[in-house]
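What follows is a single structure, written as C-alpha cells, with notes after it.
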Amino acid sequence: MLERIQAALPKLPPAERRVAKLALADAHAFALLPVRELALRARVSNPTVVRFCRSMGYEGLSEFKRKLAGSVGSGVPHVHRSVQPGDDTTRVFGKLIDNAVAAFLRYRNDASIAPIDKAAAALAAAQQAGRRVEFFGAGNSGIVAQDAQHKFFRLGITAIAHSDGHMQVMSASMLQPGDCAVLISNSGRTRDLMNACEIARKAGATTITITASASPLAAAGHIQLAADHPEGYDQYSPMVSRLLHLMIIDVLCTCVALRIGHETLQPMLDEMKKNLQAKRYA
C-alpha cells in the first residue's frame, strides 16, 4: 500500500500530497491518529484528508486507515525477489511462489472493496438486462481477457474477449449504454487500450479498468480496480501480474454470480454439465 501511495504522489494536488507524505513518513501513526490531528500535521483541512483517501480509491478515512494498518502490520514481505541468471531450481521455485503469495496477501490488505462492489453491480446489471460485456487486453493481458470471457459467459452473459487493437476499436464503437467494457493492462499505458476505453466511454458503456494505480488507463475508466505489485511492467515474462489479474477476475466473477442468484444460475449450470458428459470418458 505504501508503494501505491508513493506511485500516486506526483499526480496528487499539493494539499493531498502533504497528506500522502505524512502517511509515508509514519504509516503506523497515521493509522491511529484522528482526522483533526492528521489535518493539523499535514497543514490541510479535515476534508482534504478525506479527499486524499478517496483519491487513493477508498470510501473514506476509516477504510483507508484500516487497510493501511493491515498492510504495515501483516508481516507480508515488501521486497520482490527477482530471479537471477545464476539461480538454481530450488531458488527459482521458492522465489516465484513467494512472490505470488506475497502479492495476493498484499492485495487482500490493500484493495478497496467499494470499486469491486461497483464493478460487480455493473456486470450483474448487464447480465440482467441482456447487455454485452467485452474484455480487452493486449499481449499477456489478452490471455487474461480470454480467461475472463470463459468464466463470465457461463453466467449467461454475452461476453467476448479482444486482444487485437483493430478489433478492440471496432467492438468498442458498437457498445451501447448498459454494456460493460473491462480493460486489463499490467502497465496501464497501452495505446490501443486507452483508445478503446475512450471510445467505449463515449458510446455510453461502463468502463472498468484492471491496471496499475496512477496509470493513464486507471484514470480513463469509470471504475478502477487497482492491481499493484512490485514486478516491473517492462518485463517480457510477467508472472505475478498475470496471476493477480486472474485472481481479480475470479473475485469479480464470483461476486457477479452471487448477485445473479442460485435459482437463476443453477439450472443453467446443471444443463451445461449434463451436456458435457458426452465429452468425458466414463
Problem set entry | Filtered residues of the range 260-273 (kept if surrounded by 10 or more Cβ atoms within 10 Å (Cβ to Cβ) and over 10 Å from LEU155 (Cβ atoms)) | GLY261, HIS262, GLN266, PRO267, ASP270, GLU271, MET272
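Which residue out of ASN186, ASN195 is in contact with a helix residue (DSSP H, G or I) (Cβ under 8 Å, 6 or more places away or on another chain), open to solvent by 10 Å² or more (accessible area, probe 1.4 Å) and part of a helix (DSSP H, G or I)? Before the answer, list the steps.
On the way: ASN186 fails: part of a helix (DSSP H, G or I).
Just one listed residue meets the conditions, ASN195.
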For this session: Output the residue which, of all residues in the range 121-135 that are open to solvent by 50 Å² or more (accessible area, probe 1.4 Å) and outside any helix (DSSP H, G or I), is farthest from GLN149 (Cα to Cα).
Result: ALA129
For this session: Enumerate the pairs (first residue in the range 76-101 and closer than 20 Å to LEU2 by Cα and open to solvent by less than 100 Å² (accessible area, probe 1.4 Å); second residue anywhere and of a type outside the set (Asp, Glu) and at pLDDT 85 or above) with beta-carbon separation below 6 Å, excluding pairs fewer than 6 apart on the same chain, so at least 6 apart or on different chains.
Result: ALA100/LEU243
Problem set entry | Qualifying position, being of a type in the set (A, V, I, L, M), assigned to a loop (DSSP other than H, G, I, E, B) and either loosely packed, with under 14 Cβ neighbours inside 10 Å or modelled with pLDDT of 85 or more (or both), among VAL44, VAL50 | VAL44
Problem set entry | Any hit, the range 138-152, residues being surrounded by fewer than 19 Cβ atoms within 10 Å (Cβ to Cβ) and among the basic types (Lys, Arg) | no
Exercise. Any residue at all in the range 162-171 that is charged (D, E, K, R), in a helix (DSSP H, G or I) and either over 28 Å from GLN266 (Cα atoms) or more than 14 Å from the chain's Cα centre (by Cα) (or both)?
Worked result: no
Exercise. Can you spot a residue in the range 224-247 that is modelled with pLDDT of 90 or more, β-branched (Val, Ile, Thr) and either on the phi > 0 side of the Ramachandran plot or open to solvent by less than 20 Å² (accessible area, probe 1.4 Å) (or both)?
Worked result: no
For this session: Among the residues of the range 198-220, count how many are at negative phi and part of a loop (DSSP other than H, G, I, E, B).
Result: 5
Seminar exercise, completed: Of those in the range 156-170 that are surrounded by 21 or more Cβ atoms within 10 Å (Cβ to Cβ) and over 11 Å from GLY142 (Cβ atoms), the residue modelled with the lowest pLDDT is ILE157
Problem set entry | Answer residue from the range 171-183, given it is touching a helix residue (DSSP H, G or I) at 6+ places or on another chain (Cβ under 7 Å) and farther than 27 Å from HIS229 by Cα and is surrounded by the most Cβ atoms within 10 Å (Cβ to Cβ) among those | ALA172
Exercise. Got a number for residues in the range 108-120 being assigned to a helix (DSSP H, G or I) and at pLDDT below 85?
Worked result: 3
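The values are calculated or read from the model by the stated rules, or taken from the named source; none is laboratory data. This is a predicted model, so every value here is computed, not measured. Heads up, the Cβs are rebuilt from the backbone with ideal geometry, glycines too, and the neighbour counts pull from every protein chain shown. Just the protein is used for accessible areas: all its heavy atoms, side chains included, with ligands, DNA and RNA removed. Shrake-Rupley method; radii C 1.70, N 1.55, O 1.52, S 1.80 Å.
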